[in-house]
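Here the structure comes first, spelled out in C-alpha cells, and everything after it is commentary.
The values are calculated or read from the model by the stated rules, or taken from the named source; none is laboratory data. Fair warning: this is a prediction, and the values are worked out from it, not measured in the lab. A quick note on method: Cβ atoms are made from the backbone with ideal geometry, for glycine too, and the neighbour counts reach across all protein chains shown. These accessible areas exclude ligands, DNA and RNA; they are computed on the full protein's heavy atoms, side chains included. Shrake-Rupley method; radii C 1.70, N 1.55, O 1.52, S 1.80 Å.
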Amino acid sequence: MTTLTARTLRTATLPPVPASPGHPHLLLWHPSEKQLWLLVLGRQQLWRVGADGAGTLVGANEVLGLPPKFPASYLHTQAFYFDTAREAPVWLFSTYADGFGAGLLLGAWNGRTFEPVAQENGIQVASSDSFVFDPARGVLVHFVGQRDMSLEIEAQRKTRGGLTVRELGVDGVWRDVGSPLAEAGTYETYAGWDGRRELAVFIDNDTCATHGWDGRAWHALGELPTLPWKPNTLAQAPRGGDLLYLHNQRSTRDHEALLWELGDDGWSRREAGALEAYGGAAYDGDRDTTFVYGPWFGPGTVATTLARYDGERLVPAGQPVPAIAAASTGGPVLFWGTQGSPHGDFSRAAQRPYKSAAVSALVEGELQLLAPSPPALALVADAGGCFAVGFSGELFRLAGECWQRVAEGPAQFVERDTTNVGSDGDGRIFLVGGEPVRGAKRLGDTWLFDGERWAEVPAKGAAPAATEAKVAFDRSRGAWIVVGGTLKNYVASPKTYECDGEEWASFAADFGDGVQSLLGGALLLAFDSASATLFLVGYPDYAPEPWLYVYRGAGVWQRLATLESADGIAALAYDSMRRVLVTAGAGCLGEYEVAALLDSAAAAGGSAAREDRATEEPAATPTAGRAGRKVSRRRRSS
C-alpha cells in the first residue's frame with residue numbers, strides 16, 4: 001500500500017500553550033543563558049523559548065526530577081524561578097497530598113536534570129501560604145498563612161500570632177524571621193518580587209491590602225482596587241521593575257483577565273485587552289521586557305506563544321498557535337477552528353460566543369489571519385466561498401475583511417447545537433440533522449441552500465442519525481454523500497448515506513479489511529473534478545495515521561494510501577487547483593501530492609470494489625432531483 005509523505009512548507013518548533021490559566025505553564029528568565037525557560041507541568045516538559053516565541057525542548061519526564069507518584073492534581077501553589085544563590089533554575093510545588101514530608105518540594109537544575117533541594121526545619125505547608133524568591137538577598141521567602149483545609153494545621157498556624165515569614169537560604173535551613181503581621185487576612189496570599197523596591201510582596205486575598213517584606217520589616221503598599229483572585233501570575237514590569245499582577249476576576253460572568261502595576265501611587269490598572277487564557281510571566285532584564293506566556297484574547301482570536309508588556313498594555317508577540325479543526329474542500333486554502341472557553345460557565349449563553357472561529361488563509365506559504373466568523377454551528381469553504389451556518393439557520397459569507405449575512409434562518413428551522421453540513425463548490429450548501437437546543441431526540445430534517453435561500457428537502461427514507469459527519473456532493477453520482485460522525489451513544493457511525501434530493505439511501509460502510517467505521521474520525525471529504533472522484537481521508541479503527549480512500553458507491557471505500565505524519569494531523573484542506581492536500585499544525589505547514597493517485601483510481605473505475613458488492617440492481621434511468629439526481633443503487637443496509 002502506498003505511503004504518502006508530506007512536503008514541508010514551513011516548520012517551527014513551538015511549545016504548547018495553555019488552554020486556560022488553570023493549566024500551569026511556568027516561565028522564568030535565565031540571566032546566564034539569556035533565554036526564557038518554560039515548565040509545562042501537565043506534559044512534564046521543559047523548554048527553552050526565544051524572544052521570537054519559538055522553542056527548543058530541553059527534556060521531558062525524568063528530566064524534571066519529580067518524585068514518584070508526584071501529586072500534580074493536589075497542589076496548593078507552584079513557582080519557577082532563577083535562584084541567584086544557587087545560580088540555577090528551581091521549581092517549587094506545595095502539596096497537600098500525603099507522603100511528601102512537610103509538603104514543600106524544591107528541585108534545582110544541575111545542568112542535566114532537576115535534583116531535590118534538601119530542606120531542614122520546615123513546617124507543614126498550608127493552603128493560605130505563598131512563596132517568592134528574593135534575588136537581591138538570595139533567599140526563598142515563605143509567607144506563612146493562617147488558614148488551611150486541615151483543622152490540625154490551621155490550629156498550629158493560629159499559634160503564630162498572625163501572618164509570619166520564614167526564609168530558606170542556600171544552606172537549606174528554614175528560619176523564622178521578623179514579627180507577625182497581625183492585621184493580615186486569613187484566606188490566601190499571592191506573592192511576587194518588586195525589583196524597584198527590592199521587596200518580597202504579597203497581596204492579601206481577604207483585605208486587598210498589599211504588604212512588602214525587606215528581610216527585616218514590613219512595608220504597607222496600599223490596597224488593590226479590586227478583589228484579587230486566581231489563577232494569576234506576578235512578575236516585574238519594565239522601566240523600573242515595579243510589581244506586575246495579572247489575574248482572573250472573581251466573577252462567574254466576567255472572564256477577561258485584569259492587569260495591574262504597583263507604582264509610587266499604588267496600584268494602577270493596565271490594558272490587557274480581552275485576555276482570557278495565559279501562562280506564567282517573566283521579566284527579561286537584558287531587553288527590559290516583561291513576557292507573558294501563551295496569551296489568548298478570546299473568541300475568534302489565535303493564541304500566540306508570547307505577549308509583551310510595554311509598560312501600558314499587553315501586546316501579542318511570538319508565534320501564532322491557531323486552534324485548527326477543519327479546512328476548505330476546494331478553492332482557496334483556508335483553515336479554521338475554535339478554542340474552548342477557559343472558564344467554568346457551561347450555560348448555552350456563556351458558551352455560544354466561543355463558537356466564533358478563527359479563520360486563516362494560506363498565502364505564499366504562510367497562514368494569514370482573516371476576519372473571525374460569527375458564532376456558528378459549522379463552517380464550509382470551497383470554490384463557491386466560505387460560509388458560516390448559524391444555530392437557527394442564518395447564513396453568513398466571508399466577503400473581504402468582514403462577514404455578511406446572506407440568508408435568514410427559515411421559520412421551520414429548529415435551533416440546534418450540532419449538525420452535518422457540506423457544500424458543492426457552486427455555492428450550494430446541504431445540511432442534515434443534528435442535536436436540537438430543546439429536546440433529546442436528534443433531528444432528521446434536511447435543508448438545501450441554493451445560493452439565494454434555504455429550502456427543506458422532502459427526501460424519503462431515514463436521514464443520518466450521526467452528528468459532526470462529513471458531507472460532500474458527488475457529481476459523478478448526482479448525490480450528497482454523508483460519512484463518519486458519531487451516534488448518540490458516542491459510537492462511530494457504521495454507515496454511508498446518499499441523498500439525491502428525492503430519497504435517502506444508507507449502506508453499511510466498508511473501509512476494507514472488515515473495517516466499518518472511522519473510530520478516529522474523518523478529516524476531509526472532497527470531490528476532485530479533474531478525476532470526477534469523491535475521496536475521503538480518515539482514521540479507521542485505531543490507526544495511528546489517516547488513510548486516503550476513494551468512493552466506489554454503495555458504501556464501499558477503496559483505500560489508496562496512508563498519510564505519514566509524525567505528530568498526527570489536525571485538519572486537511574484540499575487545494576483543488578493544484579490537486580494537493582495541505583496540512584497545518586502548530587508552526588508547521590505541509591502538503592501531500594494526491595493527483596496521480598486519484599487519476600489512477602479513476603482510470604481503474606469500480607473494478608476494485610469487492611466481489612461481495614459486485615451484484616447490482618438494474619440501473620434506473622437518472623432523473624433530476626431537488627438536491628441532486630436519481631442514481632442507481634446497490635444493496636442497501638437495513
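Odds and ends about this structure:
- Exposure of K470 as accessible area (Å², to 10), given a probe of 1.4 Å and all protein chains: 50
- For the chain, the carbon plus sulfur part of the accessible surface works out to 49%, probe radius 1.4 Å.
- Förster radius 60 Å - calculated FRET efficiency between E452 and L57, Cβ distance, rounded to 0.05: 0.70
- Integer Hz, Karplus 6.51/-1.76/1.60 couplings in order for the range 568-579, x for Gly and Pro: x, 10, 7, 7, 10, 10, 10, 7, 6, 6, 8, 6
- Accessible area in the full protein assembly, largest first, 1.4 Å probe, for C402, C208: C402, C208
- Vicinal HN-Hα couplings computed from phi for the range 499-511 (Karplus, 6.51 cos²θ - 1.76 cosθ + 1.60; Hz; Gly/Pro x): 9, 9, x, 10, 8, 8, 10, 10, 9, 5, 5, 10, 9
- Label positions at E198 and E33, each projected 7 Å from the Cα along the C-beta direction, are separated by 2.9 nm.
- Stokes-Einstein D for the range 507-551, Kirkwood Rh over Cα pairs, 10 °C, 1.306 mPa s (µm²/s): 144
- The chain - accessible surface per residue (Å², probe 1.4 Å): 42
- Normalised alpha carbon radius of gyration of the chain [divisor 2.2 N^0.38 Å]: 1.14
- Cα gyration tensor shape for the range 1-74, rounded if a/c is under 1.5, else prolate or oblate: oblate
- Interatomic Cα distance distribution for the range 458-524, bins of 5 angstrom, percent: 4, 18, 26, 27, 16, 7, 1, 0
- Partners for K355 among lysines (Cα-Cα distance below 23 Å; same-chain residues under 8 apart left out): K441, K470, K488
- Relative contact order computed over the range 400-506 (Cα-Cα under 8 Å; 6+ residues apart), in percent: 21
- Across the chain, the relative contact order, built from alpha-carbon pairs under 8 Å that are at least six residues apart, equals 10 percent.
- Panel note: the C-alpha atoms of the range 82-216, placed on their principal axes, show extents of 42, 40, 21 Å (largest first).
- Long-range amide H partners of L560 with built H, under 5 Å: L548, Y549, V550
- Near V139, the amide H atoms lying under 5 Å from its own belong to D134; only residues 5 or more places off or on other chains count, and H is placed 1.01 Å from N.
- Using a simple spin-label model with pseudo-atoms 7 Å out from Cα toward Cβ, S179 and S392 lie 6.6 nm apart.
- In plain terms, the chain from K441 to E120 could stretch by 109.3 nm, reckoned as 0.36 nm per residue minus the Cα-Cα distance.
- Label sites at D541 and M577, each approximated as a point 7 angstrom past Cα along Cα to Cβ, lie 4.1 nm apart.
- Three-way shape label, the range 52-143, alpha-carbon gyration tensor, a/c 1.5: oblate
- Between K69 and D513, the contour length at 0.36 nm per residue exceeds the alpha carbon distance by 155.7 nm.
- Spatial offset of the range 116-137 relative to the range 149-170 amounts to 12 Å, using the alpha carbon center of each.
- Interchain or long-range residues, amide H under 5 Å from C588's placed H: A12
- If the segment from Q351 to E87 were pulled out straight at 0.36 nm per residue, it would be longer than the present Cα-Cα gap by 90.5 nm.
- Cα-derived Rg to Rh of the range 475-583, Kirkwood definition: 0.95
- Global form of the range 242-374, assessed from the alpha-carbon gyration tensor, a/c cut-off 1.5: oblate
- To the nearest ten degrees, helix 595-604 and the longest principal axis of the Cα atoms of the chain are 30 degrees apart.
- Of the chymotrypsin sites (Phe, Trp or Tyr not before Pro) found in the range 152-193, the ones in coil according to DSSP and having at most 16 other Cβ atoms within 10 Å of their Cβ are Y187.
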